[in-house]
Amino acid sequence: MESQKQYKPKFSFEFFPPKTLEAVGKLQMTTERLARLNPSFFSVTFGAGGSTRERTFETVMDIFKKTGIDGVPHVSCIGSTVGEIKTILDSYIEGGIRNVVALRGDLPSGSISGGPLRYASELVEFIRRETGDHFHIEVAAYPEFHPQAPSAQKDLENFKRKVDAGADAAITQYFYNPDAYYRFIDSCEKLRIDIPIVPGIMPIVTCTQLCRFSDACGAEIPRWILKRLQEFGDDRVSIQKFGIEVSTKLCEQLLANGAPGLHFYTMNQSEASVAILKNIGINTKD
Ligand code: FAD
């Protein structure tokens, strides 16, 4: 974990583009509340094949305009042509955006065509080739390994390809076992990967939602957490309280062991992230 210690801890928050006017209003309240924590950036997800293209762009620009905090768009390459990706990048350059999260993305089930850029490393290479050093590029990292990776070692090597292609930093898939992160960082150091790798934190809101996401992305929910969540049943208040306790402890441990920051998967809600940050002593100004 040595090389991770040189960075001052940073905090960031992730949103998905809202679909309805009501959801737009809710997200605005969330970003206003989280902006008071003075995060490094707010990132906004992108649907594979450009399915949220306009909404990702509008959400990023709106957040930047209303909060003054950097809005960071996710851009995924699967299912898009290089022309489409170049148009997206040009629109962000024109809008004054200087950071992106570069991803492969996942094809919706039933789709066959992947597009010319098959992996995130090829997208990073493309962004560097087309736009030089304009963008600070974040990529995804998987302490518990990507579900499609043939082996842990191959996944690490594939992660290194993204760094070698020009990624500046990484955000991890969420996890609840900090040892997976520490081991991942140690393996990266052995491969001479020295970019900041920020843990992704998923506050627990409901058991069903967490199980659904974790099934899809391959994140492990430790048995002791699952058992407790199942016991709470529909008692959302107890689940949230327990979830905040679990994530607070995790965040404290990660920062104490040199993690360079925390990235919160907010699900467009502020309560859990604010509570966790308050518990670990970040001034929430509330
Ligand atoms: P890659 O880094 O390309 O890796 C995908 C798989 O391919 C891995 O198994 C890897 O080992 C393998 N691989 C990589 N390179 C090679 C190679 N050269 N040869 C053979 N195998 C290779 N999804 C969205 O659709 N929209 C989002 O906005 C979004 N945001 C995300 C943000 C974060 C922080 C994270 C962690 C994930 C996000 N995802 C998002 C999910 C992500 O798109 C999926 O996990 C996807 O399956 C992989 O994307 P990647 O960029 O990690 O892919």
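Name every residue in the stretch 75-108 that is open to solvent by 10 Å² or more (accessible area, probe 1.4 Å) and in contact (Cβ under 8 Å) with a residue 60 or more places away in the chain, in order of residue number.
Correct list: P108 only.
Tally up the residues in the stretch 33-68 that are closer than 14 Å to G95 by Cα, away from the ligand (no atom under 16 Å from the Cβ) and among the aliphatic types (A, V, I, L, M), please.
Counting residues in the stretch 33-68 that are closer than 14 Å to G95 by Cα, away from the ligand (no atom under 16 Å from the Cβ) and among the aliphatic types (A, V, I, L, M) gives 1.
Which condition number does G281 fail, the rest of (1) part of a loop (DSSP other than H, G, I, E, B); (2) touching a residue at least 24 places away in the same chain (Cβ under 8 Å) being met?
In the conditions (1) part of a loop (DSSP other than H, G, I, E, B); (2) touching a residue at least 24 places away in the same chain (Cβ under 8 Å), G281 misses (2) alone.
Please go through (1) open to solvent by 30 Å² or more (accessible area, probe 1.4 Å); (2) within 25 Å of T31 (Cβ to Cβ); (3) touching a strand residue (DSSP E or B) at 6+ places or on another chain (Cβ under 6 Å) for Y142 and return the number of the only condition it doesn't satisfy.
(2)
Taking the stated definitions as given, is V124 farther than 19 Å from A216 by Cα, assigned to a helix (DSSP H, G or I) and open to solvent by less than 10 Å² (accessible area, probe 1.4 Å)?
The answer is yes for V124.
Residues that are farther than 17 Å from L262 by Cα, at least 2 per element: which strands (runs of 3 or more DSSP E) completely within the stretch 1-101 meet that?
Fully inside the stretch 1-101 and qualifying: 71-76.
This table checks each residue for (1) exposed (fewer than 15 other Cβ atoms within 10 Å of the Cβ); (2) at pLDDT below 95; (3) of a type in the set (S, T, N, Q).
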| residue | (1), (2), (3) |
| --- | --- |
| W224 | yes, no, no |
| Q230 | yes, yes, yes |
| D235 | yes, yes, no |
| Q240 | no, yes, yes |
| C251 | no, no, no |
| N257 | yes, no, yes |
| P260 | no, no, no |
| N268 | no, no, yes |
| S273 | no, no, yes |
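Just one of the numbered conditions (1) away from the ligand (no atom under 16 Å from the Cβ); (2) over 18 Å from the mean Cα position of the chain (by Cα) is not true of V205; which one?
With (1) away from the ligand (no atom under 16 Å from the Cβ); (2) over 18 Å from the mean Cα position of the chain (by Cα) applied to V205, the lone miss is (2).
The values are calculated or read from the model by the stated rules, or taken from the named source; none is laboratory data. Computed from a predicted model, the values in this text were never measured in an experiment. Note that each Cβ is placed from the backbone with ideal geometry, even for glycine, and that neighbours are counted across all protein chains shown. Areas reflect the complete protein model, heavy atoms only, side chains present, ligands, DNA and RNA absent. Shrake-Rupley method; radii C 1.70, N 1.55, O 1.52, S 1.80 Å.
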